[in-house]
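The values are calculated or read from the model by the stated rules, or taken from the named source; none is laboratory data. In this text the structure is predicted, and so the values were computed from the model without any measurement. Positions of Cβ are generated from backbone atoms using ideal geometry, with glycine treated the same way; all protein chains shown enter the neighbour counts.
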Amino acid sequence: MAAGAFGFKGCQKIRGPQIRTLLEAKDFILFDCDGVIWHGETAITGAAKVVSSLIRRGKNVVFVTNNCTRPRESYVHKFYRLGFTDVLLEQIFSSSYCSALYLRDVVKIRGQVFVMGCDGLRRELQGAGVPCVEEADEPDATIYDCALAEDVKAVLVGHDDKLTFLKLAKASCYLRDPECLFLATDNDPWHPLSGGRILPGSGSLTAALEVSSGRKATVIGKPSRFMFECISSQFSGVEPARCLMIGDRLETDMLFGSNCGFDTVLTLTGVSQLEDAQRYLDGEPAADRGLVPDYVVDSVADFLPAFEELDDEQSD
Ligand SMILES: [Mg+2]
């Protein structure tokens, strides 16, 4: 089934039989995590059953997350803890893991990486054999007197809840060398917390470093296509026309899907709402159409009736 088979492409609210037709046309189902299958430490009702049902029906299910705060091993535990008991390490593509692959396999880094990010990101890089600068500054060190490593060939920015002015200053100094790469795990501006609070995302830290260095970061995570290249390198026969991206954020998930040539589904359990998508659909410039989902569901739990119909058919 081609995108828009239900009449037009853009923000099509779909349910049972239409979801079933859509799923039948796809081999690879890509899920974002936060806001789609869970909120922090709480699984979205029905999400684990949806994931299991897809896997049981022979679909390739993968998870593509811009969250760079934990290594993949730790993600496997989280999946299990929240009831996603059949998810394997190989199905998880985080922006930290893809950053490690980029540094190791694409640029084949020779030298160290300065990480402006948290321990989880550093652990993922080290697990892939990518050396990182060890921070060993005295508590009262300043940019006037601290040591700078000699062989820093890349600065990688991610979520950093222990960001200091010194770290930002050091990263700015390393980027004075035009040979030193400037990478960001993702460009997410912020993340929702409960009670109306927000958490500044990696994008806000990248912006600070872009200003101080006068350079632009290469972004690894969604909406960059690189995460799809990582998936394609590890699964055979991935055809964009047979992939479906399910996410909650227009600027990352939906644009990633469009950039890769996938059909996209927006689920309304997270950041973006239908009105936001409609604004991109109606507004200018036309380039923003890539942010418009093909299809919309209230929750991934809306997929469950589609499976029930299939089960009914099989038992007939
Ligand atoms: Mg999300």
Given (1) within 16 Å of the ligand (Cβ to nearest atom); (2) touching a strand residue (DSSP E or B) at 6+ places or on another chain (Cβ under 7 Å), number of the condition residue 276 does not satisfy: (2)
Of all residues in the stretch 135-148, how many are modelled with pLDDT of 90 or more and under 30 Å from residue 108 (Cα atoms)? 4
Picked from the stretch 251-270 (must be under 16 Å from residue 34 (Cα atoms) and either surrounded by fewer than 24 Cβ atoms within 10 Å (Cβ to Cβ) or not assigned by TED's automatic domain parsing to the domain that holds residue 29 (or both)), the residue nearest to the ligand (Cβ to nearest atom) is 270
Does residue 107 satisfy being in contact with a helix residue (DSSP H, G or I) (Cβ under 8 Å, 6 or more places away or on another chain) and either within 28 Å of residue 237 (Cβ to Cβ) or without any contact (Cβ under 8 Å) to a residue 24 or more places away in the chain (or both)? no
When the residues of the stretch 235-247 are filtered to those that are in contact (Cβ under 8 Å) with a residue 12 or more places away in the chain and farther than 12 Å from residue 30 by Cα, which remaining residue is farthest from the ligand (Cβ to nearest atom)? 237
Checked the stretch 202-251 for anything within 19 Å of residue 172 (Cβ to Cβ) and touching an Asp or Glu at 6+ places or on another chain (Cβ under 8 Å); matches are 202, 203, 205, 216, 217, 219
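Each row is one residue, and each column tells you yes or no for (1) within 16 Å of residue 227 (Cα to Cα); (2) among the aliphatic types (A, V, I, L, M); (3) touching a strand residue (DSSP E or B) at 6+ places or on another chain (Cβ under 7 Å).
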residue	(1), (2), (3)
48	no, yes, no
52	no, no, no
69	no, no, no
85	no, no, no
90	yes, no, no
94	yes, no, yes
Of the residues 195, 237, 257, only one is in a helix (DSSP H, G or I) and at pLDDT below 95; which? 195
Helices (runs of 4 or more DSSP H) contained in the stretch 19-112 and holding at least 1 residues touching a Ser or Thr at 6+ places or on another chain (Cβ under 6 Å): 95-101
Determine which member of the set 30, 22 is closer than 17 Å to residue 253 by Cβ and over 19 Å from the mean Cα position of the chain (by Cα). 22
Can you name the residue in the stretch 115-131 that is surrounded by fewer than 21 Cβ atoms within 10 Å (Cβ to Cβ) and without any contact (Cβ under 8 Å) to a residue 40 or more places away in the chain and, of all such residues, is nearest to residue 70 (Cα to Cα)? 119
Could you list, in sequence order, the residues of the stretch 41-53 that are free of Cβ contacts under 8 Å to residues at least 60 places away in the same chain and within 20 Å of the chain's Cα centre (by Cα)? 41, 42, 43, 48, 51
